[in-house]
Amino acid sequence: MAVVETRDLTKVFKEGGLGAVNSVNLETREGEFLVFLGPSGSGKTTLLRMIAGLEAPTSGDILIGGRVVNDLSPRERRIAMVFQSYALYPHLSVYRNIAFPLQAQKVKKELHKEKVEWAAALLGIGALLERKPRELSGGERQRVALARAIVREPAVFLLDEPLSNLDAKLRASAREELERFHRRVGTTTIYVTHDQVEAMAMGDRVLVLNKGVVHQLGTPAEVYDNPADTFVATFLGSPPMNLAELAELIVGFRPEHLRPSSSVTGDAVSFRLKVENIEYLGAEWIVSGTVVGGRLGGKKVFSRLTSAQDLALEGTYDFAVPQRQLKFFDRSTEKRIEPRAVSLQ
Amino acid sequence: MQTSLSGRAFRRIGHVLVITVFTVALAFPFYWMLVTSFKQNVDLYTMANNPFIFNAKPTLDHLTFLFTQTRFVRWLGNTTFVGVVVVSITLVLALPAAYSLARLSGRWGERVGIGIFLTYLVPPTLLFIPLSRVIAYLGLQDSLWALILVYPSFTVPFSIWLLMGFFKAIPRELEDAAMVDGLTRFGAFVKMVIPISTSGILTVVIFTFTLVTQEFVYALTFLSSEENQMIGTGIPIFLVRGDVYYWGALMAACLIATLPIAFLYNLFLDRFIAGFTVGAVK
Amino acid sequence: MLAPAVLYILLLVAGPFLLAIFYAFSDARIGNTQLHFVGLENFRSILQSPSFRIAVRNSFIFTIGSQIVVIIASSILAIALEQPFRGRGMLRFLMLLPWVAPIALGAIGWKWILDSIYSVISWVLVALHLYKPFGAPMWLGEPHLAIASVLLVHSWRLIPFSTVILLAGRTAIPKDIPEAAAVDGAGFWRTEFLILLPMMMPIISVAVLFGIIFTFTDMTVVYILTAGGPFDSTQVLPSLAFTLGIQGSDLAAGAAISLTLVPLLVIIAYLMLRVAHRAEVT
Ligand SMILES: Nc1ncnc2c1ncn2[C@@H]1O[C@H](COP(=O)(O)OP(=O)(O)OP(=O)(O)O)[C@@H](O)[C@H]1O
Ligand SMILES: [Mg+2]
């Protein structure tokens, strides 16, 4: 096992163009499950590929287990990677796919069978060893890819959106399986996704990226409850955090904290809301409306409620947000700043 | 992909080496044609001279000879003429056939398509003997029309095969829409499908033309008089008088005939590959 | 809309083919108006002729030999050309020339390079003191060297063709397959031989099958370089058919020799269909 560290890691594809990854500093913890989260094109894959040694950095250093590995080839880095497409070798059986890394790293032939069977058993694909990749379902392919990754017991696991090719149902179970798998093997893992639910559910910590820049690195609770800036605040959560620009700062609050006044106790800021749309989503309701009067007048906001049966379209109601749930951001830097007392009236 | 430093240097050297060796091996004859074309005869035929350099002043004699003392220009004209006519015939025959094959669903269409592809594999050297009799019977000996009659037999199959790929890529809805708007199927083909497939048609035009310039066996068999030759036969056979080879003029002629074709071919290379890979590349 | 093309092809491919079979079982000669059925007589007499046996042997030597050279060379070249580098377009143009140039003209270029007196190769060998002046061998004048020369010219011509096809095959392999192999610890050779080569098998077979057809049925290279000589030692089946059937007026013998190409063509066509079919299934 090992810790992965990057120092001012930068990748510029076109000279003079924008960097795909800009000066990224990060350090994983031993055995941690770290998730790279960001919108499409934010540089997640590029960052991961530089760590894997598939892409040469423009500048900066990569350290694995405390050693600078910039000039090492992928195979010298003791990493394993699961690709979005799984990249199974189509002409080899499942057995030979899983055995390939052993063969390539000149592990003694006698040990192959034992190791392959161990990996296959861990992922429950012992019965598929004779099949070719094209005879497998999406979920089975993913497991073969994982088995191929663990079989040589790497120091670090890199996974690039391994679930994005699965349908929604399979995805949930595969996610759970991956989590269990990680708990069992305990290898440092970097996992790339643009799906915030996956990131929140699986990550010990989440690295939020946008345009190649790190916006925040923290536990799921930290990035959700205490977003470092407005990008993180709006990228996480659905609907995203409500943001309102006041004179010198930006005030934000999550939709689930915006509730009818009657159900809010303690210190709270309140205002009147004209309800314009109500969506029933089964377990919850999403209500959207426009603030009437006060400093937020005319601002469109979302509220997430467990019940909205008392509300009617076009009605105007009193809503409130607990004072301590208000987040504040600097108007120019968009970074979060200390809470302060504001009046929204 | 990254490799360690020494590995990278090693690979780089290997790469440069491979590229250099192959470029030299493959392009050398053409370089040699170029050099020979501009050398004086005394230079060419003096064994003590280093053949890689000009030992005497470069000369345009061979080019002058080629264009004034031989039928080279006539051969270029013949080739162009046959090329243009064969291209037209090929388009007229291949376009509708490829279109209907692309739209013909089911086993039958597939079988005809494969059958047509297989006829492309039938070589001239299998058919030239009986065809020579057919040509004689039709009174077309030593006539360019003999080639015009025969060449479509191999240009049409490959063109159909190439065009089928293009037509299959055009969504059917497009013609359906045109037909709903009041065109007949043939009208939809002419007004919608053909304009969309111009790049495919251009590929076929160039491909057919290069096939015509490259053909040798039929031209050798059917044509006899000097003024009726194509470049492929005229240059190697009629630029030799008895046992005397006019190497300077020969090489100049080869180069002049090759370069334009090479240029066109290169532009459309990817499309030709698609025609040859029979679905083994997706 | 299919009918005109199919009719044309049937008339000019199937028709002459049947005529060739008909001639092969008759005593047809140019100028002879009366035809008689002679059964297998033509086949018996060509089987007994030594020049036919040499032609069969040569056809196989040229075909198999050049395919081995071509596949090895083009596999290496395809790897070297895969990654973009400055000047790749220009080099690709130069390397394609042998394939794009009309065969007859490429061959005549080689005839000059391999000339009995002024060969540049001989000059270099003499300059390197490997041979005494005038002591270098006659490349096209000694049977073994002539065979080697023809084989190399065939290879030279087909390497570009095979390379572009293999290149298309390589680009069609998703990039993450070799990357996965790199991460899994495979080096260059292991990735090439254990992963990429097996995945390229269908496309390599396509290149080989076309290559076999192009070499086996070609008479141009031999006709231009050596005209079958010295002493018929480089004669191949198509050129022998031409020599006997057209130059020697013995249509029946020529047709019979041409027909001996058919079994191999059928095998190739069958294999080609299998490759195409497999590619569709996977
Ligand atoms: N090989 C390349 N050449 C040039 N630009 C590239 C290359 N690879 C990626 N980029 C650019 O770098 C930026 C980051 O790409 P990257 O693939 O890392 O994004 P990502 O976060 O993985 O996105 P996604 O979620 O869509 O996979 C993008 O703007 C992309 O266009
Ligand atoms: Mg990505």
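The values are calculated or read from the model by the stated rules, or taken from the named source; none is laboratory data. Because the structure is predicted, anything quoted here is derived from the model rather than measured. Positions of Cβ are backbone-derived with ideal geometry, glycine not excepted, and every protein chain shown enters the neighbour counts. Areas reflect the complete protein model, heavy atoms only, side chains present, ligands, DNA and RNA absent. Shrake-Rupley method; radii C 1.70, N 1.55, O 1.52, S 1.80 Å.
For segment C:51-210, what is the convex hull (Cα atoms) projected area averaged across all directions, in square nanometres? Intermediate results must be reported in sequence, preceding the final value.
Values: hull surface 50.0 nm².
If you wrap the Cα atoms of segment C:51-210 in a convex hull and average its projections, you get 12.5 nm².
Could you compute the net charge surrounding A:Val68? Neighbours are other residues with a C-beta less than 10 Å from the C-beta of A:Val68; K and R count +1, D and E count -1.
Working: positive: A:Arg7, A:Arg67; negative: A:Glu5, A:Asp61, A:Asp71.
Computed value for this residue: -1.
Based on Cβ point charges of +1 for Lys and Arg and -1 for Asp and Glu, what charge dipole magnitude is obtained for chain C about its Cα centre, in debye rounded to the nearest 20? If you can, show how the numbers build up before the last one.
Working: 15 positive and 13 negative charges, 57 e Å.
Here the size comes out at about 280 debye.
Apply the Karplus curve 6.51 cos²θ - 1.76 cosθ + 1.60, θ = phi - 60°, to the phi angles in segment C:98-114 and return the couplings in whole Hz, x for Gly and Pro.
Per-residue couplings from phi come out as x, 7, 7, 5, x, 3, 4, 6, x, 5, 5, x, 5, 4, 6, 5, 9 Hz.
How large is Rg over Rh for segment A:4-225, taking Rg from the Cα atoms and Rh as the Kirkwood inverse mean of 1/r across Cα pairs?
Values: Rg = 17.3 Å, Rh = 17.9 Å.
Using Cα coordinates only, the ratio equals 0.97.
Using a 10 Å cut-off on Cβ to Cβ distances, tally the other chain neighbours for every residue of A:51-64 and report the average as a whole number. Provide the component values of the computation, followed by the final result.
On the way: counts 0, 5, 6, 9, 3, 3, 1, 0, 0, 0, 0, 0, 0, 0.
The per-residue average across the peptide is 2.
Compute the semi-axes of the equivalent ellipsoid of chain B, taking the square root of 5 times each eigenvalue of the Cα gyration tensor, and list them largest first in whole Å.
Values: eigenvalues 339, 181, 54 Å².
Sorted largest first and rounded, they come to 41, 30, 16 Å.
With a cut-off of at most 10 other beta carbons within 10 Å, and DSSP calling the residue loop, which GluC sites (Glu not before Pro) in segment A:99-189 qualify? Please list them. Mind showing how you got there, number by number?
Numbers: sites: A:Glu110, A:Glu114, A:Glu117, A:Glu130, A:Glu135, A:Glu140, A:Glu176, A:Glu177, A:Glu179; in loops: A:Glu130.
Sites meeting the loop and neighbour criteria: A:Glu130.
Per the Kirkwood formula on distinct C-alpha pairs, the Rh of segment B:130-282 is how many angstrom? Show your work: numbers first, answer last.
Values: mean 1/r = 0.0542 Å⁻¹.
Taking the inverse mean of 1/r over all distinct Cα pairs, segment B:130-282 comes out at 18.4 Å.
Need one value for B:49-62: mean number of C-beta atoms belonging to other chains within 10 Å of its residues' C-beta atoms. All intermediate terms of the calculation are to be shown ahead of the outcome.
Values: counts 2, 4, 7, 4, 0, 0, 0, 0, 0, 0, 0, 0, 0, 0.
Mean shielding by partner chains, rounded to a whole number: 1.
Sorting check: for A:166-175, C:219-228, A:37-46, which peptide has the highest mean count of neighbouring beta carbons within 10 Å, and how do the rest follow?
Values: A:166-175: 14.0, C:219-228: 23.7, A:37-46: 20.1.
For the peptides A:166-175, C:219-228, A:37-46, the packing ranking is C:219-228, A:37-46, A:166-175.
Residue by residue through segment C:195-209, which ³J(HN,Hα) values in whole Hz follow from phi under the Karplus form 6.51 cos²θ - 1.76 cosθ + 1.60 (θ = phi - 60°), with glycine and proline marked x?
Listing the rounded values in order: 10, 6, 4, x, 5, 8, 3, x, 6, 5, 5, 4, 4, 5, 4 Hz.
Using the Kyte-Doolittle scale, find the helices of chain B whose mean hydropathy is at least -1.0 and whose Cα atoms extend 15 Å or more along the helix's long axis, counting only whole DSSP H runs.
Values: long enough: B:5-37 (46 Å, 1.17); B:72-103 (45 Å, 1.40); B:106-120 (22 Å, 0.19); B:124-137 (19 Å, 1.34); B:152-169 (26 Å, 1.14); B:198-214 (24 Å, 1.56); B:247-267 (30 Å, 1.70).
Membrane-span-like by this criterion, though nothing is claimed about a membrane: B:5-37, B:72-103, B:106-120, B:124-137, B:152-169, B:198-214, B:247-267.
Tell me, what ³J(HN,Hα) does each residue in segment C:238-251 have, in order and in whole Hz, if you take phi through Karplus 6.51 cos²θ - 1.76 cosθ + 1.60 with θ = phi - 60° and put x for Gly and Pro?
Going residue by residue, I get x, 6, 5, 4, 5, 4, 6, x, 9, 5, x, 6, 8, 4 Hz, with x marking Gly and Pro.
Where does helix A:138-150 land angle-wise versus the long Cα axis of chain A, in degrees 0 to 90, nearest 10?
In chain A, helix A:138-150 runs at an angle near 60 degrees to the longest axis.
Kirkwood hydrodynamic radius of segment B:2-59 from all distinct Cα pairs, in Å? Spell out each step's value before the answer.
Working: mean 1/r = 0.0712 Å⁻¹.
Radius from the Kirkwood sum: 14.1 Å.
Based on C-alpha coordinates, I'd like the Rg and Dmax of segment A:130-193, in Å.
Taking only Cα atoms of segment A:130-193, I get Rg and Dmax of 11.9, 31 Å.
What's the magnitude of the charge dipole for the protein assembly as shown around its Cα centre, counting Lys and Arg as +1 and Asp and Glu as -1 at the beta-carbon? Answer in Debye, nearest 20. Numbers along the way, then the final one.
Numbers: 78 positive and 68 negative charges, 175 e Å.
The calculated dipole for the protein assembly as shown is roughly 840 debye.
At what distance in nm do the modelled label points of B:Phe67 and A:Leu170 sit from each other, each positioned 7 Å from its Cα along Cα→Cβ?
So the two model labels end up 6.8 nm from each other.
What longest region of chain C stays clear of trypsin sites (Lys or Arg not before Pro) that DSSP places outside H, G, I, E and B and that have at most 13 other Cβ atoms within 10 Å? Don't jump to the answer; show the numbers that get you there.
Numbers: sites that count: C:Arg86, C:Lys175.
Looking at chain C, C:176-282 is the longest stretch - no exposed trypsin sites (Lys or Arg not before Pro) with at most 13 other Cβ atoms within 10 Å.
With chain B treated as a Gaussian network of Cα nodes joined by springs under 10 Å, which of B:Gly109, B:Gly182, B:Gly139 yields the largest mean-square fluctuation?
Its mean-square fluctuation being the largest, the pick is B:Gly182.
What's the average, rounded to a whole number, of partner chain beta-carbon atoms within 10 Å of each residue's beta-carbon in C:41-53?
Numbers: counts 0, 0, 0, 0, 0, 0, 0, 0, 0, 0, 0, 0, 0.
Per residue, the average neighbour count from other chains is 0.
What does the net charge come to around C:Leu244 if you take all other residues with beta carbon closer than 11 Å to its beta carbon, with K and R at +1 and D and E at -1? Mind showing how you got there, number by number?
On the way: positive: C:Arg29; negative: C:Asp250.
Summing Lys and Arg as +1 and Asp and Glu as -1 gives 0.
Considering only protein heavy atoms and a probe of 1.4 Å, how much of the accessible area of segment A:4-225 is carbon and sulfur, as a whole percent? It would help to have the intermediate numbers written out before the result.
On the way: 4470 of 9310 Å².
About 48 percent, which is the carbon plus sulfur part of the accessible surface.
Around A:Leu123, with a cut-off of 12 angstrom between Cβ atoms, what is the net charge of the other residues, counting Lys and Arg +1 and Asp and Glu -1? Don't skip to the answer; put the middle values down first.
On the way: positive: A:Arg141, A:Arg143, A:Arg148, A:Arg180, A:Arg184; negative: A:Glu117, A:Glu140, A:Glu177.
So the surrounding residues net to +2.
Return the whole-Å distance between the Cα centroid of segment C:208-265 and the Cα centroid of segment A:55-77.
60 Å
Show me the ranking of peptides A:250-259, A:14-23, B:248-257 by mean Cβ neighbours inside 10 Å, starting with the highest. Mind dumping the intermediate values first?
Values: A:250-259: 20.3, A:14-23: 14.1, B:248-257: 25.3.
Most protected by this proxy first, the peptides run B:248-257, A:250-259, A:14-23.
What whole-number value in Å² describes the accessible area per residue of segment B:1-122 for a 1.4 Å probe?
On the way: 6310 Å² over 122 residues.
Ligands and nucleic acids excluded, the figure is 52 Å² per residue.
List the chymotrypsin sites (Phe, Trp or Tyr not before Pro) in segment B:171-280 that DSSP assigns to loop (not H, G, I, E or B) and whose Cβ has at most 15 other Cβ atoms within 10 Å. Which are they? Show your work: numbers first, answer last.
On the way: sites: B:Phe186, B:Phe189, B:Phe207, B:Phe209, B:Phe216, B:Tyr218, B:Phe222, B:Phe238, B:Tyr245, B:Tyr246, B:Trp247, B:Phe263, B:Tyr265, B:Phe268, B:Phe272, B:Phe276; in loops: B:Phe216, B:Tyr246, B:Phe268.
Passing both the DSSP loop test and the Cβ count: no residue.
Which whole number in µm²/s is D for the protein assembly as shown by Stokes-Einstein, with the Kirkwood Rh taken over Cα pairs at 37 °C and 0.692 mPa s?
Numbers: Rh = 33.1 Å.
Translational diffusion coefficient: 99 µm²/s.
Compute the distance from the alpha-carbon center of segment A:174-204 to that of segment A:106-154, in whole Å.
Going from one Cα centre to the other spans 20 Å.
Positive end of the dipole of chain B, charges at C-beta (+1 Lys, Arg; -1 Asp, Glu), about the Cα centre: which of B:Thr23, B:Phe238, B:Leu63 has its Cα farthest in that direction?
B:Thr23
Write down the radius of gyration of chain C and its Dmax, each obtained from C-alpha positions, in Å.
Looking at chain C, its Cα Rg and Dmax stand at 22.6, 75 Å.
Sort C:238-248, C:33-43, C:116-126 by packing, meaning the average of other beta carbons within 10 Å per residue, with the highest value first. All intermediate terms of the calculation are to be shown ahead of the outcome.
Values: C:238-248: 23.1, C:33-43: 13.1, C:116-126: 16.9.
Descending packing order for the listed peptides: C:238-248, C:116-126, C:33-43.
Using a Gaussian network model of chain A whose springs link C-alpha atoms within less than 10 Å, name the residue from A:Gln103, A:Gln323, A:Gln309 with the highest mean-square fluctuation.
In the Gaussian network model the winner is A:Gln309.
Could you work out the mean projected area of the convex hull around the alpha carbons of segment A:220-341, in square nanometres to one decimal? Provide the component values of the computation, followed by the final result.
Working: hull surface 29.9 nm².
Orientation-averaged projected area of the Cα hull: 7.5 nm².
So how much accessible surface do B and C hide from each other in total, probe 1.4 Å, in square angstrom to the nearest 100?
Numbers: alone 16500 and 16890 Å², together 25350 Å².
Interface between B and C: roughly 8000 Å².
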